[in-house]
């Protein structure tokens with residue numbers, strides 16, 4: 001049975017309704033995380049050097065983890081559920097394109113976690129302050145520099161661009177969806193275009209990453225509202 005069999009509801013496989021619901025909830029949680037991350041970066045900007053991170057982790061472990069995107073560990077776990085919800089709600093329109101979008105997004109998220117170095121940097125900081133050997137400290141500083149390079153390296157860029165492609169594929173398909181409509185699709189498209197330039201690409205990348213936040217927030221709120229309303233509407237018909 002499909003939800004579209006009931007009146008004017010969009011064509012959605014009834015077995016995926018819970019996934020759509022959890023996707024909407026996850027989208028709202030992601031929106032809540034974004035201002036927290038911005039506040040942290042504004043009040044306590046990350047160090048500019050590897051040694052600075054070693055010192056920060058020694059002074060404040062939690063702030064050190066937050067400065068190396070700990071909240072994004074949570075954010076991207078939630079993003080998996082958001083993608084599943086979008087796939088569930090759009091696959092009847094274009095299964096092939098939505099399958100590609102889902103797999104590209106999952107690969108991108110997996111790539112992100114390979115770039116995460118928060119707990120590795122914590123370990124390096126602990127070892128650094130446990131030794132009095134200048135030679136060992138120099139070696140640990142070299143390790144820390146390598147971690148920062150990994151944090152800003154290829155895996156992160158793959159994550160960023162792959163997720164931009166995923167967002168673009170979802171958004172293009174949304175233009176044909178009665179559930180989301182053109183406005184929601186337009187916000188997603190705008191965010192996806194801005195995300196095609198990774199935030200690591202110098203000043204222009206940083207500008208585009210900041211610009212992409214507003215349409216992404218609006219997009220996330222809209223898909224959450226529409227998904228939750230759809231689930232409630234379907235529940236009303238079922239009862």
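Points to keep in mind about this one:
- Restricted to region 86-105, and to residues there that are touching a helix residue (DSSP H, G or I) at 6+ places or on another chain (Cβ under 6 Å), closer than 20 Å to residue 231 by Cβ and modelled with pLDDT under 95, the residue that is surrounded by the fewest Cβ atoms within 10 Å (Cβ to Cβ) is 93.
- From the options 62, 66, 56, residue that is surrounded by fewer than 17 Cβ atoms within 10 Å (Cβ to Cβ) and over 28 Å from residue 226 (Cα atoms): 62
- Filter result for residue 115 (buried (at least 18 other Cβ atoms within 10 Å of the Cβ), in contact with a helix residue (DSSP H, G or I) (Cβ under 7 Å, 6 or more places away or on another chain) and more than 19 Å from residue 160 (Cα to Cα)): no
- Residues that are loosely packed, with under 15 Cβ neighbours inside 10 Å and more than 20 Å from residue 77 (Cα to Cα) do occur in region 166-180, at least one of them.
- In the condition set (1) under 21 Å from the mean Cα position of the chain (by Cα); (2) closer than 14 Å to residue 58 by Cα; (3) surrounded by fewer than 15 Cβ atoms within 10 Å (Cβ to Cβ), residue 129 is compliant with all but (1).
- Scanning region 9-20 for residues that are assigned to a helix (DSSP H, G or I) and either over 18 Å from the mean Cα position of the chain (by Cα) or at pLDDT 95 or above (or both) returns 14, 15, 16, 17, 18.
- Test: residue in region 181-188 that is under 30 Å from residue 119 (Cβ atoms) and touching a residue at least 24 places away in the same chain (Cβ under 8 Å): no
- Yes/no for residue 221 being touching a helix residue (DSSP H, G or I) at 6+ places or on another chain (Cβ under 9 Å), more than 21 Å from residue 69 (Cβ to Cβ) and surrounded by fewer than 20 Cβ atoms within 10 Å (Cβ to Cβ): yes
- Residues (farther than 27 Å from residue 74 by Cα and assigned to a helix (DSSP H, G or I)) located in region 98-133: 128, 129, 130
- One residue stands out among those in region 211-239 that are part of a helix (DSSP H, G or I) and more than 21 Å from residue 78 (Cα to Cα): the one that is modelled with the highest pLDDT, which is 211.
- Flag set for residue 158, criterion: buried (at least 18 other Cβ atoms within 10 Å of the Cβ), touching a residue at least 12 places away in the same chain (Cβ under 8 Å) and assigned to a helix (DSSP H, G or I).
- Selection of region 42-52 for residues being in contact (Cβ under 8 Å) with a residue 12 or more places away in the chain and part of a helix (DSSP H, G or I) yields 50, 51.
The values are calculated or read from the model by the stated rules, or taken from the named source; none is laboratory data. On a predicted model such as this, the values are computed, not experimentally measured, just so you know. In this analysis, Cβ positions are derived from the backbone assuming ideal geometry, glycine residues included, and neighbour counts consider all displayed protein chains.
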